[in-house]
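Following: one structure in structure tokens, then a few remarks.
The values are calculated or read from the model by the stated rules, or taken from the named source; none is laboratory data. In this text, all values refer to a predicted model and were calculated from it rather than measured experimentally. Here Cβ is always computed from backbone atoms with ideal geometry, including for glycine, and neighbour counts include all displayed protein chains. Calculation scope for accessible area: heavy atoms of the full protein, side chains included, ligands and nucleic acids excluded. Shrake-Rupley method; radii C 1.70, N 1.55, O 1.52, S 1.80 Å.
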Amino acid sequence: NSDMIGWIKIEDTNINYPVMQTEINNPTFYINRNFEKEESVSGTPFVDSRCTLESENIIVYSHNMKNGTMFGGLTKYKEEEYYQKHRIIVFDTLYEERRYEIVGIVLTKVYYNEMSSEEAFEFYNYIELDTEEKFDEYVAIIKEQSLYETGVSVEANDDFITLVTCNYHTEDGRLLIVAKRIQ
């Protein structure tokens with residue numbers, strides 16, 4: 001499938017999947033499609049269509065399946081003990097192997113137009129962190145809202161991967177696992 005741009009894996013978890021990406025005119029194609037492009041309740045993990053493999057923050061979405069498949073297992077990161085045993089995310093592209101160390105676990109929600117920008121953490125708009133201000137703002141929000149301190153430091157030139165799945169702590173809730181690339 002030419003839509004595959006990589007493979008995501010977290011050792012000793014169910015997360016071991018191809019990662020897809022489609023054009024901006026059909027960005028959520030894989031939300032309800034499998035690798036073969038057939039209808040599927042589980043869908044397939046996919047990268048935000050606005051991202052490239054060179055983006056400072058690659059955002060990957062997938063369903064939180066009750067049976068623990070897709071990104072369902074990410075909910076275990078709410079427990080710090082689980083994080084301690086699963087700190088590394090592997091995201092292999094077609095061209096290189098990449099490793100990321102988790103810096104924050106955040107519970108948030110998707111905000112809609114009726115909310116003011118001061119109230120919203122629009123995580124989906126932090127793809128290009130190409131100014132010092134935007135980078136610092138993103139890191140500050142992640143560190144401030146993380147469920148616990150990971151102790152992982154962040155440098156000004158770090159790149160990130162953000163795994164996103166639904167979470168039911170609030171209406172339109174989302175769980176974010178944010179990790180920095182290990183050079």
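Figures for the structure shown
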| quantity | calculated |
| --- | --- |
| For the chain: accessible area per residue (Å², 1.4 Å) | 53 Å² |
| Probe 1.4 Å, all protein chains present, accessible-area order of 170, 22, largest first | 170, 22 |
| Counted charge near residue 61, where neighbours are those whose Cβ lies closer than 15 Å (Asp, Glu -1; Lys, Arg +1) | 0 |
| Rounded if a/c under 1.5, otherwise prolate or oblate - the stretch 2-82, Cα gyration tensor axes | oblate |
| List 50, 33, ordered by accessible area with a 1.4 Å probe, largest first | 50, 33 |
| Local electrostatic count at residue 24 - Lys and Arg +1, Asp and Glu -1, tallied over other residues with Cβ under 12 Å | -1 |
| Solvent-accessible area of residue 143 with every protein chain in place, 1.4 Å probe, in Å² to the nearest 10 | 70 Å² |
| Accessible-area order (highest first, 1.4 angstrom probe) of the listed residues 51, 166 | 166, 51 |
| Cα-centre dipole for the chain with unit charges at Cβ (Lys and Arg positive, Asp and Glu negative), debye to 20 | 780 debye |
| Sulfur and carbon atoms: percent of accessible area, the stretch 1-135 [1.4 Å] | 46 percent |
